[in-house]
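Engineer: The structure that follows is given in the form of structure tokens.
Read-outs throughout are calculated quantities, based only on the coordinates presented, and are distinct from any laboratory measurement. A quick note: this is a predicted structure, and the numbers were derived from the prediction, not measured. Here Cβ is always computed from backbone atoms with ideal geometry, including for glycine, and neighbour counts include all displayed protein chains.
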Amino acid sequence: MIAAVGILLLTIATRQAAVTVWWSDASTDPDAYVGIAESLVGNCYCTPGTTSPTAYRPPLYPYLLASWLLDNPEQRPSAWAVRGLNLLFSVLLAGALLCAALLRGPKRVLLVTGAILALDPLLIRATPVPMTELCFTTLTTAALLLLGGQRDACLPPRLLTFAGCLLGLAALCRPTIWPFIGLYSLGLLVAHRRQLRAAAVSLAVMWLVIAVVVSPWVIRNQLVLGHPILTTTHGGYTLLLGNNPVFYDEVARQPWGTVWDGASLDRWQRKMLAEMNADLGPNAGEVAQDRWQAKRAWRHIADDPAGFGWAVWYRVRSLWSLSPRGPAGEALPGVVRGLIALWYAALFAGAIAGAVTWKRSRQPGLWVLLLFIAALQLLHLVYWTDTRMRAPLHPVLAVLAAVAIDSVERRRSQK
């Protein structure tokens, strides 16, 4: 219990330190979540600064931010909502791991996992920024804690309902969870093929709960935008952003460490928007724009498969980069970048060792964690990728590394 309290306090301390050091980051809005949240206070899920309904961003994070602003938006600036909400999710992430350690175990593995995450540079750095990393990571980690401990084909209905709620909320936070949900469903049927009926019943319950959770978003989009959008209207842009001739030539085919120059990116965006407006007209809706961008991206992939191959390789390296690159990395002293690289090199090595140890122990659940890693990596072979998008995988990597540490400690104690 003392160790759990210490880990929780360490988590709070590191996150509060990040909020203090990068205080002004909470006042930025790089992905428009704050702007949408402020529009919600005025009863409209709209593009910031307009009254045009949008589905460009998933709804959960803006709604949570808006709930912090409703009481008195003039006295509670958006930046405070960002800091408070992200600190809350950091505490909830640690709390979920610590509760699982105390109630279900394995105790030492989950306590070590909590300690690793308390010091995780990427999760610490995400705390003051108005993005969905911490919200999504907390929801998916809680879901994996439930699904990963499944020994039989059928979970208790209460746990299935809870897991379905968590996965549904994760889908409303980031659509990138959908590939995992699909792969997990197939994996469960394969893993429990001798109990196929029980596995199918479990999945039916889970999918029903997920459908109930996400259906208001789909219904709203049908009523407001005329299309039953399950995810967002942002996917086409993120696909095109990482699959176009300028990115292939100026970034993907260049030496490792090259990032897309801001001026070049701006020129590409203006040219892309001009071409889209010429094809669709200036008043085309979000759905039409999303489809145009996706179609253009697939055309670029077909026209330059070698460039796409270089882009895939670039995205793999970006997702698993040991240290920050570009302006974010340049803002840090070389010693700090080196320490971050050492931290993640040790984490990745520990995760590999832990996966091998887990496999040899024949304990259940490893396939669920590896499937989660694979699902996110597969998605980011194609879509735009940077290192911060790896954040949801860090609890999984930390659990695997903790298994390796626990194995070493067990062998040492037996000598």
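Engineer: Okay, which of segment 372-411 sit inside 20 Å, backbone N to the point 7 Å along the Cα-Cβ direction of residue 3?
Structural biologist: 395-411
Engineer: Could you give the dipole magnitude of segment 233-296 about its Cα centre, charging the beta-carbon of Lys and Arg +1 and that of Asp and Glu -1, in debye to the nearest 20?
Structural biologist: So the dipole magnitude of segment 233-296 works out to roughly 100 debye.
Engineer: Can I ask one more? Once percent of Cα pairs over 32 Å apart is worked out from the coordinates, which option in (1) 30; (2) 46; (3) 39 does it equal?
Structural biologist: (3)
Engineer: For the modelled label position 7 Å from the Cα of residue 317 along Cα-to-Cβ, which residues of segment 374-393 have backbone nitrogen atoms closer than 18 Å?
Structural biologist: It comes to 380-390, nothing else.
Engineer: Also: Under Stokes-Einstein, with the Kirkwood radius over Cα pairs standing in for Rh, what whole-number D in µm²/s applies to segment 233-296 at 20 °C and 1.002 mPa s?
Structural biologist: Answer, rounded: 172 µm²/s.
Engineer: Run the simple label-point estimate for residue 362 and residue 24 please: 7 Å along Cα→C-beta, distance reported in nm.
Structural biologist: It is 6.0 nm.
Engineer: Just grab the label-to-label distance for residue 63 and residue 291, each label 7 Å out from Cα along the Cβ direction, in nm (one decimal).
Structural biologist: Inter-label distance under the simple model: 2.7 nm.
Engineer: Another question, if that's okay. Does anyone have the angle between helix 107-118 and the longest principal axis of the chain? Alpha-carbon axes, 0 to 90°, nearest 10?
Structural biologist: Tilt of helix 107-118: around 30 degrees.
Engineer: Compute the length gained on full extension between residue 267 and residue 230: take 0.36 nm times their separation in residues and subtract their Cα-Cα distance, giving the result in nm to one decimal.
Structural biologist: Values: separation 37, 0.36 × 37 = 13.32 nm, distance 3.13 nm.
Residue separation times 0.36 nm, minus the Cα-Cα distance, leaves 10.2 nm.
Engineer: So, one more: Just order 365-372, 193-200, 55-62 by mean Cβ neighbour count inside 10 Å, highest at the front, would you?
Structural biologist: On the way: 365-372: 19.6, 193-200: 13.6, 55-62: 22.4.
My ranking of the peptides, most packed first, is 55-62, 365-372, 193-200.
Engineer: Using Cβ contacts closer than 10 Å as the measure, can you line up 266, 386 from fewest to most?
Structural biologist: 266, 386
Engineer: What whole number of Å gives the distance from the Cα centroid of segment 233-294 to the Cα centroid of segment 181-215?
Structural biologist: A separation of 37 Å, based on Cα centres.
Engineer: Check the chain and count each lysine pair with an alpha-carbon distance under 27 angstrom, considering only pairs eight or more places apart or from different chains.
Structural biologist: Taking the chain as the scope, the lysine pair count is 4.
Engineer: Turning to a different aspect of this structure: Out of segment 230-309, which chymotrypsin sites (Phe, Trp or Tyr not before Pro) are coil in DSSP terms and have no more than 11 other C-beta atoms within 10 Å?
Structural biologist: Numbers: sites: 237, 247, 248, 256, 260, 268, 292, 298, 308; in loops: 256, 260.
Answer in residue order: 256.
Engineer: How far is it, in nm, from the label point at residue 12 to the one at residue 254 when both lie 7 Å from their Cα along the line to the Cβ?
Structural biologist: 4.5
Engineer: In debye, nearest 20: dipole of segment 280-348 around its Cα centre with unit charges on the Cβ of K, R (+) and D, E (-)? Intermediate results must be reported in sequence, preceding the final value.
Structural biologist: Working: 8 positive and 5 negative charges, 19 e Å.
Around 100 debye, computed over segment 280-348.
Engineer: Calculate the dipole size of the chain relative to its Cα centre from +1 charges on Lys and Arg beta carbons and -1 charges on Asp and Glu beta carbons; express the result in debye to the nearest 20.
Structural biologist: It comes to approximately 1900 debye.
Engineer: Against the longest principal axis of the chain, how steep is helix 157-173, in degrees 0 to 90 to the nearest 10, with axes from Cα atoms?
Structural biologist: 30
Engineer: Return one number: the angle in degrees, 0 to 90 and rounded to the nearest 10, between the long axis of the Cα atoms of helix 286-303 and the longest principal axis of the Cα atoms of the chain.
Structural biologist: Roughly 80 degrees, rounded to the nearest 10.
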